[in-house]
Amino acid sequence: MINNHVLAMLIGHVCLTEQPNQHPINREVSYRRVASCELRKSSCELSKSSFELQKSSCELRKSSCELQKSSCELQKSSCELQKSSCELGKSSCELGKSSCELGKSSCELGKSSCELGKSSCELQKSSCELQKSSCELGKSSCELQKSSCELQKSSCESRVASYESRVASYKSRVAS
């Protein structure tokens, strides 16, 4: 039969070793210790649920990042189309210059507008690249969080198993 010293090690308190003629542990104290372990077990279960929610949140954030990346790729494609359109516009303007001098002023203004559009597209591309880098960092952060959650979950499961073992031990002592 387990003695007081070993029981004390199980519940994290310091107790004196039971003397040969000493009375058994008071039943009420044992009941309270069992209840305490049950409460700590419930707390661990809640922590596990919290970790699962954190994992789900990370997955959602990863999905959001993937959507952002897709959006950036679409923006880049749109910018490339705009640049091509501007190049065609410039060629058309050059032809217009040959056909009429009056159209020169209009074409020059159009060319300036196209150059500004090209600059805007380059800035958009740079912004998209930065967004992609940010998403990759976010994904890495999520992976780290997931690993941390798994470690915490394992630790919690280990503690729950320990508490269940203690509860079984206390119940055994109470029954005896």
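The values are calculated or read from the model by the stated rules, or taken from the named source; none is laboratory data. All values derive from a computational prediction rather than experimental measurement. Cβ coordinates were reconstructed from backbone atoms using ideal geometry, including for glycine residues, and neighbour counts include every protein chain displayed.
Condition test on Ser92, is it farther than 30 Å from Val34 by Cα and under 27 Å from the mean Cα position of the chain (by Cα)? Reasoning before the result, please.
Numbers: farther than 30 Å from Val34 by Cα: yes; under 27 Å from the mean Cα position of the chain (by Cα): no.
Here the answer is no, as Ser92 does not meet what is asked.
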Requested in this report: State whether the residues of segment 85-106 include one that is exposed (fewer than 15 other Cβ atoms within 10 Å of the Cβ) and outside any helix (DSSP H, G or I).
Outcome: yes
Query raised in the report: Do any residues in segment 149-163 that are more than 19 Å from Lys55 (Cα to Cα) have Cβ atoms under 8 Å from those of residues that are hydrophobic (A, V, I, L, M, F, W, C), where the two are at least six apart or on different chains, and which pairs are they?
Result: Arg159/Cys44; Val160/Cys44; Tyr163/Cys37; Tyr163/Cys44
**Report entry** Inter-residue pairs, beta-carbon under 8 Å, first under 16 Å from Ser147 (Cα atoms) and in segment 35-53, second in a helix (DSSP H, G or I) and among the acidic types (Asp, Glu), 6+ apart
**Finding:** Lys48/Glu157
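Does Leu60 qualify as being modelled with pLDDT of 85 or more and of a type in the set (A, V, I, L, M, F, W, C)?
On the way: modelled with pLDDT of 85 or more: yes; of a type in the set (A, V, I, L, M, F, W, C): yes.
Criteria met by Leu60.
Does Ser119 satisfy being out of contact with any Pro (no Cβ under 7 Å at 6 or more places or on another chain), over 27 Å from Gln68 (Cα atoms), hydroxyl-bearing (Ser, Thr, Tyr) and loosely packed, with under 13 Cβ neighbours inside 10 Å? Let's see the steps before the verdict.
Numbers: out of contact with any Pro (no Cβ under 7 Å at 6 or more places or on another chain): yes; over 27 Å from Gln68 (Cα atoms): no; hydroxyl-bearing (Ser, Thr, Tyr): yes; loosely packed, with under 13 Cβ neighbours inside 10 Å: yes.
No; evaluated as a whole, the condition is false for this residue.
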Requested in this report: Check off (1) touching a helix residue (DSSP H, G or I) at 6+ places or on another chain (Cβ under 9 Å); (2) over 24 Å from Leu67 (Cβ atoms) for Glu101 and give me the number that stays unchecked.
Outcome: (1)
Query raised in the report: Within segment 134-148, is even one residue loosely packed, with under 12 Cβ neighbours inside 10 Å and either over 15 Å from Gln54 (Cβ atoms) or of a type in the set (Phe, Trp, Tyr) (or both)?
Result: yes
**Report entry** Residue check for Ser70: more than 24 Å from Cys135 (Cβ to Cβ) and either in contact (Cβ under 8 Å) with a residue 24 or more places away in the chain or of a type in the set (S, T, N, Q) (or both)
**Finding:** no
